[in-house]
Amino acid sequence: MMDDVLLRVDNLEVSYKQRGSSIEAVSGATFAVRSNECVALIGESGSGKSTIANAVLRVLPENAMITKGVVIFKSRNLLGLTEEQMAKVRGRDISMIFQDPHSSLNPVLKIGDQLTETIMTHNPALGRGKAVERATELLDLVRIPDATQILGRYPHQLSGGMAQRVAIALGLSSNPSLLIADEPTSALDLTIQAQILKLIKRLMGVFKLSVLLITHDLSLVSNLADRVYVMYAGQIVEEDYTDGLYGDPRHPYTVLLLDAVMKLQGVSITLASAIEFREPSELSSCRFRPRCSALSSVCRQKPPPYVGLPSGKKVLCWLSSSSVER
Amino acid sequence: MKENKNALLAVEDVSRYYTVRRRVWRKENVRAVDGVSLKINRGDTNSIVGESGSGKSTLARLMVGLEKPDEGRIRYLAVNLIDLDKKERRRFSREVQMVFQNPYASLNPRKTIKSILSKPFKVHGLEYNDDTLKGLLSRVDLTPPSAYLDKYPHELSGGQRQRVAIARSLALNPKLVVLDEPTSALDVTTKVQILDLLRNLQGEEDLTLVFISHELPFLKPIGGNVSVMYNGKMVEKGTSEEIFSDAYHPYTIGLLNSILEVDPREAKKREIFAVEGETPSPVNPPSGCRFHPRCPLAEPSCSENEPPMISISESHQVACPILMKKLDGKSLDRSSIYAR
């Protein structure tokens with residue numbers, strides 16, 4: 001089972017320097033993505049999920065530092081690579097798409113030029129004619145009607161949905177094995193969201209892609225992800241198969257998240273935990289403690305253990321062994 | 001014409017055009033809102049749903065008087081907004097308020113919460129004191145209120161800021177509050193709270209709320225009346241129940257079908273549904289019914305004539321004659337109209 005692991009992140013720690021002090025954004029994150037699997041990192045804004053994605057690709061802002069951990073991709077530690085080696089991994093083996101598709105596209109280059117340039121960079125032997133052919137193929141693959149016409153357009157002439165399709169085509173042009181999708185649909189309209197979701201699902205099959213999905217949207221996770229890691233205040237607090245997470249959430253934060261979604265759908269539920277985000281009082285004990293309703297005295301004294309359950313689920317909580325009444 | 005006693009705000013056949021220059025020598029009109037009518041009754045909750053470019057935000061701005069209609073009229077308590085004299089205009093701006101999507105942008109970062117909340121009183125020359133402001137804060141569940149008065153917006157979370165923005169809109173006891181995507185910028189858990197707060201306000205006497213949103217699923221718990229907009233046009237309006245379980249416009253049905261299943265076990269059983277095609281540009285809208293290029297039921301006549309609003313019940317109207325005709329009183333599985 002473990003041999004088909006494509007990406008393994010071990011005990012990753014990232015902190016941001018701010019006005020002389022350093023703020024821990026990710027602490028001890030450990031997770032894996034297997035081949036042809038979609039893994040989701042879910043959490044609210046500020047939970048550290050995007051920082052993890054950026055750390056994997058080593059595209060963190062300048063004030064961020066990876067202080068600990070390893071990122072193993074195809075049995076190479078990405079954190080040990082030179083910048084030159086890393087540039088080859090980016091775009092070739094791992095591609096990333098963002099919430100705002102326009103940020104992945106160069107605004108002053110025509111779509112056709114961007115695509116052919118990328119294709120030829122990864123495949124210098126290919127002639128320009130062949131590269132244009134491949135570009136058209138890719139646009140067809142992401143279901144852009146009238147691909148030849150789109151090749152001559154600039155990014156600003158495309159709608160959000162179209163631009164996201166082009167960004168995906170661009171990401172796939174080098175046949176990567178891992179696609180990191182950071183909130184790929186949240187800037188899009190409802191009908192277009194569904195289109196892009198369908199597309200990603202189809203491409204996973206066509207390209208035998210693995211996807212690392214970064215999102216706060218639970219319905220996206222349910223429809224796409226095989227496994228989920230729930231993040232809270234920089235830590236992974238629960239991991240499980242998507243079904244298991246939904247059917248038997250154990251961490252009080254996961255329970256809160258699921259209940260909140262139910263409530264938004266009109267199910268009347270009283271939320272057990274405090275909803276408003278509260279700053280963890282200290283990072284050494286449980287970080288969810290200020291919001292938690294299930295507190296016991298041990299929560300205050302020692303940091304919670306990451307407990308593995310027989311089902312394969314893991315939970316960062318003292319009270320993980322008991323099922324939650326919902 | 002019979003005058004509805006309860007009508008607070010009436011949008012009557014309103015259009016709003018923007019001029020864009022696509023070429024140096026040529027100007028074109030964007031029909032952001034095109035011939036839209038809507039009646040907001042006192043005490044009712046209304047939602048307007050649509051995708052980006054549907055004109056919902058322009059409609060919101062028209063309703064609060066931030067924009068003037070190019071055609072048609074908007075009447076507040078039966079008086080056309082452009083006919084309001086100076087005194088009436090001040091009363092209108094006191095009684096009709098707006099809350100914006102992004103609480104990071106709508107609160108001045110250099111002012112304290114106290115200063116932000118007292119501004120409406122100062123503008124209108126009304127009496128207030130710290131207790132008034134504290135009262136506002138507790139109305140939006142920011143307790144203890146005294147802890148918030150001297151804070152700056154950056155010291156608050158997104159949810160708390162949106163609460164302050166809502167408190168400010170309530171400061172002068174408005175009759176109508178228009179909320180443009182009030183929860184879209186917030187995390188799920190915070191969203192629930194703001195929604196709870198708004199649902200409590202819904203129950204308050206003499207306060208009418210209008211929600212503008214692109215998130216159809218979240219409008220369900222709000223209830224009230226729902227209007228669906230597409231490409232500048234109103235395509236369907238009705239009560240929440242009528243829209244969510246008895247929709248007659250293929251676009252509304254498409255929207256409802258594309259709501260994602262949240263339970264992964266259910267999600268596995270069903271294919272992700274998507275309405276194919278792009279949202280058309282309002283600069284160059286399709287002829288006839290604007291949804292016809294994406295519509296599974298489109299007939300040749302759909303590209304020729306603009307469909308009129310047809311009444312299905314007193315509260316329910318739809319701008320599509322085709323599905324009505326197809327149904328002909330029989331019941332039909334609405335999810336099947338997109339099946340090939």
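The values are calculated or read from the model by the stated rules, or taken from the named source; none is laboratory data. Remember, predicted model here, so these are calculated numbers, not experimental data. As a convention, Cβ positions derive from the backbone with ideal geometry for all residues, glycine included, and neighbour counts pool all protein chains shown.
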- Message: Take B:Leu197 and tell me if it is within 14 Å of chain A (Cβ to nearest Cβ), in a helix (DSSP H, G or I) and among the hydrophobic types (A, V, I, L, M, F, W, C).
- Response: yes
- With respect to B:Val49, is the statement that it is among the hydrophobic types (A, V, I, L, M, F, W, C) and under 15 Å from the mean Cα position of the chain (by Cα) true? yes
- The lone condition A:Arg76 fails out of (1) in contact (Cβ under 8 Å) with a residue 40 or more places away in the chain; (2) of a type in the set (D, E, K, R); (3) out of contact with any helix residue (DSSP H, G or I) (no Cβ under 6 Å at 6 or more places or on another chain) is (1)
- Here are some residues: A:Leu190, A:Leu170, A:Leu139. Which one is closer than 30 Å to A:Gly46 by Cβ and without any contact (Cβ under 8 Å) to a residue 60 or more places away in the chain? A:Leu190
- When only residues in the range B:22-58 that are touching a residue at least 60 places away in the same chain (Cβ under 8 Å) and out of contact with any Ser or Thr (no Cβ under 9 Å at 6 or more places or on another chain) count, which is nearest to B:Gly232 (Cα to Cα)? B:Gly55
- Task: Return a yes/no flag: does the range A:100-121 have any residue that is in contact with a Lys or Arg (Cβ under 9 Å, 6 or more places away or on another chain), within 14 Å of another protein chain (Cβ to nearest Cβ), in a loop (DSSP other than H, G, I, E, B) and in contact (Cβ under 8 Å) with a residue 60 or more places away in the chain.
- Result: no
- Assess whether A:Leu220 counts as being assigned to a helix (DSSP H, G or I) and either basic (Lys, Arg) or under 13 Å from the mean Cα position of the chain (by Cα) (or both). yes
- Note on the structure: The number of residues in the range B:135-144 that are in a helix (DSSP H, G or I) and free of Cβ contacts under 8 Å to residues at least 24 places away in the same chain is 2
- Item | Count - residues of the range A:33-47 that are under 12 Å from the mean Cα position of the chain (by Cα) and away from chain B (no Cβ under 14 Å) | 2
- Note on the structure: Counting only residues in the range A:138-181 that are surrounded by fewer than 20 Cβ atoms within 10 Å (Cβ to Cβ) and charged (D, E, K, R), the one farthest from the other protein chains (Cβ to nearest Cβ) is identified as A:Asp140
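For the range A:230-243, indicate whether the set of residues that are assigned to a strand (DSSP E or B), acidic (Asp, Glu) and within 14 Å of chain B (Cβ to nearest Cβ) is non-empty.
yes
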- When the range A:283-325 is checked residue by residue, the ones that are at pLDDT below 80, closer than 20 Å to A:Glu44 by Cβ and of a type outside the set (Gly, Ala, Ser) are A:Leu283, A:Val324
- Query: Can you tell me how many residues in the range A:197-213 are within 14 Å of chain B (Cβ to nearest Cβ) and touching a residue at least 24 places away in the same chain (Cβ under 8 Å)?
  - Reply: 6
- Item | Enumeration of residues in the range A:1-44 that are of a type outside the set (A, V, I, L, M) and exposed (fewer than 15 other Cβ atoms within 10 Å of the Cβ) | A:Asp3, A:Asp4, A:Asn11, A:Lys17, A:Gln18, A:Arg19, A:Gly20, A:Ser21, A:Ser22
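Which ones in the range A:27-73 are in a helix (DSSP H, G or I), of a type outside the set (A, V, I, L, M, F, W, C) and touching a residue at least 24 places away in the same chain (Cβ under 8 Å)? Let's see the steps before the verdict.
Our first condition is that a residue be in a helix (DSSP H, G or I); within the range A:27-73, this holds for A:49-56.
Now drop any that are not of a type outside the set (A, V, I, L, M, F, W, C), which leaves A:49-51, A:54.
Passing the criteria: A:Lys49, A:Ser50, A:Thr51.
Picking from B:Ser184, B:Ser227, B:Ser169, which residue would you name as being in contact (Cβ under 8 Å) with a residue 60 or more places away in the chain, under 21 Å from the mean Cα position of the chain (by Cα) and within 14 Å of chain A (Cβ to nearest Cβ)?
Details: B:Ser227 fails: within 14 Å of chain A (Cβ to nearest Cβ); B:Ser169 fails: within 14 Å of chain A (Cβ to nearest Cβ).
After applying the criteria, what remains is B:Ser184.
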- Note on the structure: Looking across the range B:127-149 at residues that are aliphatic (A, V, I, L, M) and in contact with a Phe, Trp or Tyr (Cβ under 7 Å, 6 or more places away or on another chain), the single one that is farthest from B:Asp196 (Cα to Cα) is B:Leu137
- In the range B:38-106, which strands (runs of 3 or more DSSP E) lie fully inside it and hold 3 or more residues that are within 18 Å of B:Glu181 (Cα to Cα)? B:45-49, B:96-99
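Here is a yes/no grid of residues against (1) surrounded by 19 or more Cβ atoms within 10 Å (Cβ to Cβ); (2) modelled with pLDDT under 90; (3) closer than 28 Å to A:Lys201 by Cβ; (4) not small (Gly, Ala, Ser):
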| residue | (1), (2), (3), (4) |
| --- | --- |
| B:Asn225 | yes, no, no, yes |
| B:Glu266 | no, yes, yes, yes |
| B:Arg270 | no, yes, yes, yes |
| B:Glu276 | no, yes, yes, yes |
| B:Ser287 | no, no, no, no |
| B:Arg290 | yes, no, no, yes |
| B:Cys295 | yes, no, yes, yes |
| B:Cys302 | yes, no, no, yes |
- Message: So for the range B:117-134 (the condition being aliphatic (A, V, I, L, M), touching a residue at least 40 places away in the same chain (Cβ under 8 Å) and not in a loop (DSSP other than H, G, I, E, B)), does at least one residue qualify?
- Response: yes
